[in-house]
Amino acid sequence: MCGLPFKGRPEFDHRKPIAFGGTNDLSNCVVACKPCHAEKTAKEDVPRIRLADRQKDADIGANPSKQPMAKKPKPAKTSFKQDQLRALGPTALMRQVGAK
């Protein structure tokens, strides 16, 4: 990458990142010094991978909504007698109303 002689142990950088279907074959690797490898990973590979992750999440609908969830409406207040009649079932309601 930089072309300078290595100081210490060289590293292998993937031409096509594993996240994009690259392999660990030597044909997909480039020898790089540690500073060059770290810089390329941080400036090129990681942003591309994160962008792809965000796009995939958007495609499957996994992104959280930016809007707050609507609050569930509170049930209308009823009298205690109405609640008891509902618990007894529809026939009790009919008798209370006067239906046969």
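Laboratory data are not the source of any read-out in this text; all were calculated from the coordinates shown. Keep in mind that this is a model prediction, so the values were computed, not measured.
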Next on the checklist: I need the semi-axes of the equivalent ellipsoid of region 11-60: take the C-alpha gyration tensor, multiply each eigenvalue by 5, square-root it, list largest first in whole angstrom.
Outcome noted: 23, 14, 5
Next on the checklist: Students often get this wrong, so check it: of 40/66; 16/56; 34/56; 16/66, which have C-alpha atoms separated by over 25 Å?
Outcome noted: 40/66; 34/56; 16/66
